[in-house]
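What follows is calculated from the coordinates using simple rules that are stated; it is not laboratory data. Bear in mind the structure is a predicted one, so any value in this text is a computation, not a measurement. Because the Cβ atoms are built from the backbone with ideal geometry, glycine has one as well, and the counts that use them run over all protein chains shown.
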């Protein structure tokens with residue numbers, strides 16, 4: 001008998017080169033290569049942060065332009081904030097009333113990711129009780145023990161979005177390799193989760 005979670009996974013469409021999520025995987029790989037040769041580019045954040053920020057800005061959202069953003073009264077470093085429309089996106093830190101959503105970006109997760117993200121969100125919620133929170137994971141293995149899900153975050157204002165699911169763990173650095181990404185695509189090992197569209201909808205509703 002097939003479990004409901006397995007059935008849902010089987011129904012997910014395969015990723016194609018026409019999908020925005022595929023474009024992001026390739027752009028992350030390209031940006032990672034650039035950062036290895038030009039360390040100044042790291043000031044813009046990790047490769048996945050840079051790419052997701054650019055895609056959000058292209059959609060017209062007011063997103064912070066610098067990495068390691070902070071809320072006033074906290075030392076927690078955040079990947080980015082979705083701001084009120086009139087707020088300057090180049091500030092070093094922000095009062096909670098200028099921020100609509102706190103966004104943490106991960107390439108993939110590990111054993112410490114869930115507790116770390118939940119602890120950060122819990123602390124920041126004490127400062128801005130009306131904030132929304134999202135963690136966006138570029139790609140994760142199907143059924144990974146340490147995956148982050150909305151249910152595991154245990155708060156109605158915390159949301160998790162995994163943009164691409166894959167059948168296998170890639171070799172070390174594989175998610176930063178254009179060749180490895182295209183090989184996984186060719187072998188039909190990458191699937192769309194629908195979470196990128198869901199993430200955009202959550203930002204619009206924040």
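Give the residue, chosen from 63, 142, that is touching a helix residue (DSSP H, G or I) at 6+ places or on another chain (Cβ under 9 Å) and either buried (at least 19 other Cβ atoms within 10 Å of the Cβ) or free of Cβ contacts under 8 Å to residues at least 24 places away in the same chain (or both). Spell out the reasoning first.
Details: 142 fails: either buried (at least 19 other Cβ atoms within 10 Å of the Cβ) or free of Cβ contacts under 8 Å to residues at least 24 places away in the same chain (or both).
Answer to the selection: 63.
For region 84-97, indicate whether the set of residues that are more than 24 Å from residue 118 (Cβ to Cβ), surrounded by fewer than 16 Cβ atoms within 10 Å (Cβ to Cβ) and under 14 Å from the mean Cα position of the chain (by Cα) is non-empty.
No, there is no match, as no residue in region 84-97 is more than 24 Å from residue 118 (Cβ to Cβ), surrounded by fewer than 16 Cβ atoms within 10 Å (Cβ to Cβ) and under 14 Å from the mean Cα position of the chain (by Cα).
Out of the residues in region 106-135 that are farther than 18 Å from residue 202 by Cβ and touching a residue at least 60 places away in the same chain (Cβ under 8 Å), state the one that is surrounded by the most Cβ atoms within 10 Å (Cβ to Cβ).
Step by step, filter region 106-135, then rank; the result is 108.
Is it true that residue 103 is closer than 26 Å to residue 166 by Cβ and in contact (Cβ under 8 Å) with a residue 60 or more places away in the chain?
Details: closer than 26 Å to residue 166 by Cβ: yes; in contact (Cβ under 8 Å) with a residue 60 or more places away in the chain: no.
No: the conditions fail for residue 103.
Please return the ranges of helices (runs of 4 or more DSSP H) entirely within region 101-206 where 2 or more residues are within 18 Å of the chain's Cα centre (by Cα). Before the answer, list the steps.
Numbers: elements: 113-127, 150-153, 178-186, 195-205.
Here the list reads 113-127, 150-153, 195-205.
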